[in-house]
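*Asks:* The structure under discussion is supplied below as structure tokens; questions concerning it will follow.
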Amino acid sequence: MTDSVFEVNLYRWGPDHYAVDHRLSRTGSAADRRTEQTVRPLADFDRGRFEPLLGDARAYGEALWGTIFPTRESQDLFVQAVTEVRDANDGADDERRGYLRLRLCIGPEMPNLHDLRWETLSDPGRRGRPLFLGQETLFSRYVVVGDQRQLRLRGRPRLRALVVIASPSDLDRWHPGGRALAPIDLSRELGVAEAAFGNPAHNLAPKVLAPGEATLENILDHLRRDEYDIFYLVCHGQFLRGEPRLWLEEDSDRRAEVVSGSELADRIRELPRRPLLAYLASCQSAGAGEDASRGDLGALTSLGFRLAQAGVPAVVAMQGNLSMASASMFTPAFFQELERDGRLDRAVAVARDALAIRGRPDCWMPVLLTRLNSGRLWGGNEGRGDQIEAILDGLVGYLETGECTPILGPGVTDHIIGPRDEIARRWADTFRYPMAASHREELPQVAQFLAVNHGAAFPRSQLAAYLHREILRQFSGQIEDLSPQTSLDELASRVGRWFRSRDPNEPHRVLARLGCPLYITTNPDTLMADALEEEVEDGEAREPRVGTFDWKGQEDPSEAAFPMGYKPDRRKPLVYHLFGSFTRRDLIVLTQDDYFEYLIGATVHSKSIPATVRKALNASSLLFVGFRLEDWKFRVLLQSIMNRSGQSLTGDYNHVAVQLDPEDGQIQEPEMARRYLEKMGIFRGTRINIIWSDLPSFMGRLQDRLSSSQPVGIV
């Protein structure tokens, strides 16, 4: 399946003009086709031009057409794109069908343009046919976010949805814009949500907040505590004084609380893991009509734009009062299609088509805002099932004979301390990092800046202080007995224990249950040793030992830290820190200089590594989990292993690297990036099999495969 992307870019050009240009690209193509920039007067978007057309979607859409396709060149390029996709699909079945994905990119300096009804776009040259009816062209509004936290897409998950229907009991006392707010038909709204999420055959798991629970703090508490993938919200909204206002519930008595959309967006921005999708449904008041010209109907689109800017990867919102009849068709159709393959723009197109086929005049109202370049809500290895199963067959075999050594990367702790790029970004802001914006998310570069300005020990002490503050900020309201006086190791241990008790696929929990004699970690925390201590087998708890590689050569090379004759096994495994630990902060590898010095030290001081660890690196199957191919840690680790032995990754054992997907929103072509990273020179000649997946999905899959097997823990 080959998709084409037609990108329309709108951006400010001086005080009174805007510019528009176009780019056509095709997956796998070596070159893009572009149009020349065209500058037009901002008067093209005057509200007075569009308000008389509010009741005529076709005329409204034709007026919009000229704003984004103002020249013959741009129109011809679009027609060419449509023709190419149509010809490529001739005779193709649904599985091999390609799409033209039209992406409207509105510059962040022109947010008011999101108030226009872009989904009505009609081509005057095709007798005013709506552009986005049918599935030939898939449309989305692409939200440009200046401060983008790198987005970690998951593998195909079981989507967990938080369903919130705010139905305050005292709506009749509110008269925004001179109109009283009518009661919400709660039973009908619940019926729509049930139709969307209630099919047990679908991969959707909803949690519905009961009446009286739709308070702002309760909503945020659920999103923070249970990390929902979908946030489904129904509430009254009004656009007042340039700000969307939402009528939520204040307390269990269901009295109304008016919340600004900006406050909700800011609070969601602060969540450690934000929803993948926000679905903002227009509420249905008892006896409400379908007046699409009312002034309050931009509230949800405006809120959706704010949520997208706050880092929610995708938002579906209604730019009008979608009728109950249309909502009853659109919402279930959208989620059913989304569940198939995670393609958001296709799911919206299919659901919108269902409305058009039935003659619904409001089929243009649903809006898709996204920052996802791929248009997909999840990543992973779809279509590569046989290959993954073959890799897992070999991995399980090595686990059963005790010849597998897990190596833990930074990704296994993202759910507790957050991703490293977020640390880098915050440090860059705090310490006024002056270098290129593209380096602000690279922790080694930012840490190097701190070390040069404040001394080599400064980044390490700052890392400990930052993690201490962040763990307290995120979890002190959810976990008892967390206080500023609690040490960092103890804070991390308690939070890790909390996660392992709640999530059967928590990475450390699953890895501990593999029963390996040796675990190598590149992280400074004690989470792996903690997870092993919790494991009880045949009535006996495990007794892990912990060691740290002295890559600086500050101590005599020996294994004196371990009891005489100690040999790691299933009962008494070894957790070995290669890149330093919080108990040996001077050995934490953090700055660019640290990585370069580590490569030298890993060779010069290799005898400081216990013989059992050296043997495992040379003569066992290595399972790399929680890395990215482009990460400094991963590349330096591989290089140090290959420098030391020369053959350890090319010899008798196959190895597995469970790689987190190249993040969408940061990489223009994720699929091409995957192929490039897989072909990087450092892997040439190695026996490393790469599985692209999020860790919970992989860990769950591995657990299922091992449910009937029992690793024997041989060294």
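The values are calculated or read from the model by the stated rules, or taken from the named source; none is laboratory data. These figures come from a predicted structure and were not determined experimentally. Here Cβ is always computed from backbone atoms with ideal geometry, including for glycine, and neighbour counts include all displayed protein chains.
*Asks:* Being within 33 Å of the chain's Cα centre (by Cα) and not in a loop (DSSP other than H, G, I, E, B) is the requirement here; does GLY177 meet it?
*Replies:* no
*Asks:* Are any of the residues in the range 428-442 within 23 Å of SER487 (Cβ to Cβ), surrounded by 16 or more Cβ atoms within 10 Å (Cβ to Cβ) and touching a residue at least 12 places away in the same chain (Cβ under 8 Å)?
*Replies:* no
*Asks:* Out of everything in the range 472-527 that is among the basic types (Lys, Arg) and out of contact with any helix residue (DSSP H, G or I) (no Cβ under 7 Å at 6 or more places or on another chain), what residue ends up being farthest from ASP414 (Cα to Cα)?
*Replies:* Result: ARG513.
*Asks:* Which pairs turn up if I take residues in the range 399-417 that are in a loop (DSSP other than H, G, I, E, B) and look for partners that are of a type outside the set (Val, Ile, Thr) and at pLDDT below 90 with beta carbon separation below 6 Å, at least 6 apart in sequence or on another chain?
*Replies:* GLY402/GLY713; GLU403/SER620; GLU403/SER621; GLY409/GLY626; GLY409/PHE627
*Asks:* From the list LEU64, LEU104, LEU42, which one is surrounded by 13 or more Cβ atoms within 10 Å (Cβ to Cβ) and within 30 Å of the chain's Cα centre (by Cα)?
*Replies:* LEU104
*Asks:* A further question on this structure: May I ask you to list the residues in the range 340-359 that are crowded, with 19+ Cβ neighbours inside 10 Å and modelled with pLDDT under 90?
*Replies:* GLY342, ARG343 - these are the residues of the range 340-359 that are crowded, with 19+ Cβ neighbours inside 10 Å and modelled with pLDDT under 90.
*Asks:* Could you say whether any residue in the range 431-443 is in a helix (DSSP H, G or I), within 20 Å of ASN523 (Cα to Cα) and in contact with a helix residue (DSSP H, G or I) (Cβ under 8 Å, 6 or more places away or on another chain)?
*Replies:* yes
*Asks:* While we're on this one: Got a number for residues in the range 236-254 being basic (Lys, Arg), in contact with a strand residue (DSSP E or B) (Cβ under 7 Å, 6 or more places away or on another chain) and surrounded by fewer than 18 Cβ atoms within 10 Å (Cβ to Cβ)?
*Replies:* Here is the first cut: in the range 236-254, the residues basic (Lys, Arg) are 241, 245, 254.
Remaining after also requiring in contact with a strand residue (DSSP E or B) (Cβ under 7 Å, 6 or more places away or on another chain): 245.
Those left that are additionally surrounded by fewer than 18 Cβ atoms within 10 Å (Cβ to Cβ): none.
Of the residues in that region, 0 qualify.
*Asks:* Quick one: in the range 175-206, of everything that is in contact with a Gly (Cβ under 8 Å, 6 or more places away or on another chain) and surrounded by 13 or more Cβ atoms within 10 Å (Cβ to Cβ), which residue is modelled with the lowest pLDDT?
*Replies:* Per the stated criteria, the residue is ALA182.
*Asks:* Still on this structure, please answer the following. Determine whether the range 84-101 contains at least one residue that is surrounded by 11 or more Cβ atoms within 10 Å (Cβ to Cβ), outside any loop (DSSP other than H, G, I, E, B), out of contact with any Gly (no Cβ under 8 Å at 6 or more places or on another chain) and without any contact (Cβ under 8 Å) to a residue 12 or more places away in the chain.
*Replies:* no
*Asks:* If you go through the range 444-455 one residue at a time, do you hit one that is among the hydrophobic types (A, V, I, L, M, F, W, C), in contact (Cβ under 8 Å) with a residue 60 or more places away in the chain, assigned to a helix (DSSP H, G or I) and touching a Ser or Thr at 6+ places or on another chain (Cβ under 6 Å)?
*Replies:* yes
*Asks:* Scan the range 473-480 and tell me whether some residue there is closer than 15 Å to LEU527 by Cα, small (Gly, Ala, Ser) and free of Cβ contacts under 8 Å to residues at least 24 places away in the same chain.
*Replies:* No, the range 473-480 has no match at all.
*Asks:* Sticking with this structure for a sec: Among (1) outside the structural domain of VAL636 (by TED's automatic domain parsing); (2) not in a helix (DSSP H, G or I), there is one condition GLU422 misses while meeting the rest; what is its number?
*Replies:* The single condition GLU422 does not satisfy is (2).
*Asks:* Given the structure, is VAL613 surrounded by fewer than 22 Cβ atoms within 10 Å (Cβ to Cβ), in the same structural domain as LEU514 (by TED's automatic domain parsing), under 14 Å from ILE520 (Cα atoms) and modelled with pLDDT of 90 or more?
*Replies:* For VAL613, the condition - surrounded by fewer than 22 Cβ atoms within 10 Å (Cβ to Cβ), in the same structural domain as LEU514 (by TED's automatic domain parsing), under 14 Å from ILE520 (Cα atoms) and modelled with pLDDT of 90 or more - is met.
*Asks:* Do you know which residues across the range 343-361 are among the basic types (Lys, Arg) and more than 21 Å from ALA57 (Cα to Cα)? Lay out the reasoning, then the answer.
*Replies:* Of the residues in the range 343-361, the ones among the basic types (Lys, Arg) are 343, 346, 352, 358, 360.
Listed by number, the residues that qualify are ARG343, ARG346.
*Asks:* A further question on this structure: Let me confirm something: among ALA19, ALA63, which residue is in the same structural domain as ARG97 (by TED's automatic domain parsing), outside any loop (DSSP other than H, G, I, E, B), more than 20 Å from GLU119 (Cβ to Cβ) and not polar (S, T, N, Q)?
*Replies:* Being in the same structural domain as ARG97 (by TED's automatic domain parsing), outside any loop (DSSP other than H, G, I, E, B), more than 20 Å from GLU119 (Cβ to Cβ) and not polar (S, T, N, Q) holds for just one of ALA19, ALA63, which is ALA19.
One line per residue, one yes/no per condition, for (1) free of Cβ contacts under 8 Å to residues at least 12 places away in the same chain; (2) of a type in the set (Lys, Arg):
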residue: GLY191; (1), (2): no, no
residue: ASN199; (1), (2): no, no
residue: GLY212; (1), (2): no, no
residue: THR215; (1), (2): no, no
residue: ASN218; (1), (2): yes, no
residue: ILE230; (1), (2): no, no
residue: GLY237; (1), (2): no, no
residue: GLY242; (1), (2): yes, no
residue: ARG245; (1), (2): no, yes
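*Asks:* Residues that are touching a residue at least 40 places away in the same chain (Cβ under 8 Å) and touching a helix residue (DSSP H, G or I) at 6+ places or on another chain (Cβ under 6 Å): find the strands (runs of 3 or more DSSP E) completely inside the range 545-636 holding 3 or more of those.
*Replies:* In the range 545-636, 621-627 are the strands (runs of 3 or more DSSP E) which contain 3 or more residues that are touching a residue at least 40 places away in the same chain (Cβ under 8 Å) and touching a helix residue (DSSP H, G or I) at 6+ places or on another chain (Cβ under 6 Å).
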